[in-house]
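Student: Supplied in structure tokens, the structure appears directly below.
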Amino acid sequence: MRSFTRRAALLGVGGAAGWGLSGLLRPDLPVLDGTDRIVPATGENVLNDASGLSATPVHKHLHLTEDAGEALIAAIRRELTEARAAGRPLNVGAARHSMGGQAIPRDGTALTFVNGAVTPDTSAGTYLAHAGARWSDVIAALDPAGWSPKVMQSNHDFGVAATYSVNAHGWPVPFGPMGSTVRSLRMVLPSGELVTCSRDENAELFRLAMGGYGLIGVIVDMQVEMVRNTRLTPSFITMPAGEFAAAFRKAVDDPGVSMAYGRLNVERDSFFQQALLITYRETADQSDLPAASGSGWMAHAASRLYRAQLGNERFKAFRWWNETLVGPALGSGAVTRNTLINEPVITLDDRNPDRTDILHEYFVGFDAFDGFLDACREVIPASYQEFLNVTLRYVGQDDDSVLAFASVPRIAAVMSFSQELTNRAEADMARMTRALIDRIVEIGGAYYLPYRPHASLAQLTAAYPGARRFAAAKRTLDPDLVLRNNLWDSYLGQL
Ligand SMILES: Cc1cc2nc3c(=O)[nH]c(=O)nc-3n(C[C@H](O)[C@H](O)[C@H](O)COP(=O)(O)OP(=O)(O)OC[C@H]3O[C@@H](n4cnc5c(N)ncnc54)[C@H](O)[C@@H]3O)c2cc1C
């Protein structure tokens, strides 16, 4: 039986497609339609991302299909030279599921690699991936050989180099972010020079590019660690939310646990009072693993339930009952690691053109989890936003990345909101995000950078002590500031 918890993922992408008007108007400005509604402009030279709120004009958008060899490197060099001569930015993106223009160069050259080449090396326990490969490509290449990615996001649509560039994390334990599983990479620097980087070679470039949002170089391929694919079976425990941190720590420290995550209840009147901990262990029988499959019927049923929560407190309570009682009863069968992580974001897609799904994510130490619960209880239910879900994950300590969000082992809280597409809701979301970040930074935590750009600059530097060092190194490496996106334009470039 397929596991209910496989859609542990998060949520679907707010449909940016199909909204709005033609690109005749200035495309980066919301179109006023006489109401408070935000209607993002569209057009041939407008790029948007998963938020649907980042419509940005670009000079051109090229899809490069070459293998990671001389032809691709020559094309990247050519585009860098042309962009520099014209004083335009260049930025490479993959799925553009970031939510604040982190993969879009304003008025510049946007590159997308369309090449899913992945070659496993089973004797080394690694695979060589084209920078543009998606996690679905990686799973498809590794699964038949009995291997699995060590760390990736909860969904398989994202790009491998993009994952390194945001230093994303997943829910296998007890690992750090994905960068911790990368042995080496090759990238083209803004100067056009091709460099190989690892912890031993060009180590500072390796540390800057990990979680460096494409601002250091254009990655062409990567050597990444893999683990054996295994058959797993879940256990479910519910508890008061205040007991979650200790129970999670124990699960992460248990060598028998391979994957783990948590959930909290989200009804407004008892917000974040109850927790659910789900752990996966290897079964005794590891023979004849079935091929990795896609979404099961339960994931789709769960998606309906997830959406039915919108504006309906009774349904939120019903979903919690379903997750904590029905899910464990129905979804406790064995499943492979690769099947668990082979989930597309589309599973929970929301086709409502009046709303968009917005993620937030916060990282807090285990000893700060009670402070985190208090902060969320005080800030979130008082807002105008519809809070649909929170997933709790483990992120091991990251000693590599200059822009590290886990300088100590942390609990990651991935939150899903459904936001109305109005200026009023956008202003409320910005206000609530800043209030939450203040509280999280106060307890020593950090927020995640690929989401909406609502933080203040002071909040970014408080959450990321390496930010000034990053910006200074970037200016030295890229004095013409060719590699740029909104994270640079709105934040790091101000330092
Ligand atoms: C539904 C959903 C689920 C998510 N789940 C998780 C999760 O489980 N864990 C987690 O940590 N995050 C999660 N995220 C966040 C996600 O990891 C980031 O948004 C990530 O950027 C998405 O990958 P992408 O391919 O869309 O990247 P893009 O948005 O296309 O790019 C991200 C960054 O990588 C840079 N980049 C891309 N390719 C290259 C390259 N070749 N060279 C140099 N730089 C490059 C871009 O310039 C950009 O700054 C989730 C997001 C969504 C929307």
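Student: Out of everything in segment 103-138 that is within 16 Å of Ile219 (Cβ to Cβ) and charged (D, E, K, R), what residue ends up being surrounded by the most Cβ atoms within 10 Å (Cβ to Cβ)?
Tutor: Arg134
Student: Hey, another quick one. May I ask you to say which residue of Leu205, Leu215 is in contact with a Leu (Cβ under 6 Å, 6 or more places away or on another chain), more than 23 Å from Thr391 (Cβ to Cβ) and either at pLDDT 95 or above or not hydrophobic (A, V, I, L, M, F, W, C) (or both)?
Tutor: Working: Leu205 fails: in contact with a Leu (Cβ under 6 Å, 6 or more places away or on another chain).
Unique residue meeting the criteria: Leu215.
Student: Please enumerate the residues belonging to segment 388-403 that are part of a loop (DSSP other than H, G, I, E, B), within 13 Å of the ligand (Cβ to nearest atom) and of a type in the set (A, V, I, L, M, F, W, C).
Tutor: Across segment 388-403, the qualifying residue is only Leu403.
Student: Only one of Leu436, Leu492, Leu477, Leu483 is touching a Cys at 6+ places or on another chain (Cβ under 8 Å) and not polar (S, T, N, Q); which? Please lay out each step first, then the result.
Tutor: Numbers: Leu492 fails: touching a Cys at 6+ places or on another chain (Cβ under 8 Å); Leu477 fails: touching a Cys at 6+ places or on another chain (Cβ under 8 Å); Leu483 fails: touching a Cys at 6+ places or on another chain (Cβ under 8 Å).
The conditions single out Leu436.
Student: Within segment 216-275, count every residue that is touching a strand residue (DSSP E or B) at 6+ places or on another chain (Cβ under 6 Å) and either within 16 Å of the ligand (Cβ to nearest atom) or among the aliphatic types (A, V, I, L, M) (or both).
Tutor: Selection size over segment 216-275: 26.
Student: Then there's this: Quick one: which strands (runs of 3 or more DSSP E) sit completely within segment 203-274 and have at least 2 residues that are in contact with a helix residue (DSSP H, G or I) (Cβ under 8 Å, 6 or more places away or on another chain) and under 30 Å from Arg468 (Cβ atoms)?
Tutor: Details: elements: 218-228, 231-240, 257-264.
Because the criterion is at least 2 residues that are in contact with a helix residue (DSSP H, G or I) (Cβ under 8 Å, 6 or more places away or on another chain) and under 30 Å from Arg468 (Cβ atoms), the strands (runs of 3 or more DSSP E) in segment 203-274 that meet it are 218-228.
Student: Go through segment 191-202 and report how many residues are within 16 Å of the ligand (Cβ to nearest atom) and either in contact with a Pro (Cβ under 6 Å, 6 or more places away or on another chain) or part of a loop (DSSP other than H, G, I, E, B) (or both).
Tutor: Matching residues across segment 191-202 total 4.
Student: Please go through (1) in contact (Cβ under 8 Å) with a residue 60 or more places away in the chain; (2) acidic (Asp, Glu); (3) surrounded by fewer than 17 Cβ atoms within 10 Å (Cβ to Cβ) for Glu420 and return the number of the only condition it doesn't satisfy.
Tutor: So the condition that Glu420 fails would be (3).
Student: Find the residue count for segment 154-190, including only residues that are without any contact (Cβ under 8 Å) to a residue 60 or more places away in the chain, more than 7 Å from the ligand (Cβ to nearest atom) and either part of a strand (DSSP E or B) or under 24 Å from Asn486 (Cα atoms) (or both).
Tutor: Of the residues in segment 154-190, 6 are without any contact (Cβ under 8 Å) to a residue 60 or more places away in the chain, more than 7 Å from the ligand (Cβ to nearest atom) and either part of a strand (DSSP E or B) or under 24 Å from Asn486 (Cα atoms) (or both).
Student: Collect the residues in segment 220-251 that are surrounded by fewer than 18 Cβ atoms within 10 Å (Cβ to Cβ) and either closer than 12 Å to Ile411 by Cβ or among the hydroxyl-bearing types (Ser, Thr, Tyr) (or both), keeping them in residue-number order.
Tutor: Residues satisfying the conditions are Thr233, Ser235, Thr238, Ala246, Ala247, Arg249.
Student: Could you list all residues from segment 98-145 that are under 16 Å from the mean Cα position of the chain (by Cα) and aromatic (Phe, Trp, Tyr)?
Tutor: Once the filter is applied, which keeps residues that are under 16 Å from the mean Cα position of the chain (by Cα) and aromatic (Phe, Trp, Tyr), segment 98-145 yields only Trp135.
The values are calculated or read from the model by the stated rules, or taken from the named source; none is laboratory data. On a predicted model such as this, the values are computed, not experimentally measured, just so you know. A quick note on method: Cβ atoms are made from the backbone with ideal geometry, for glycine too, and the neighbour counts reach across all protein chains shown.
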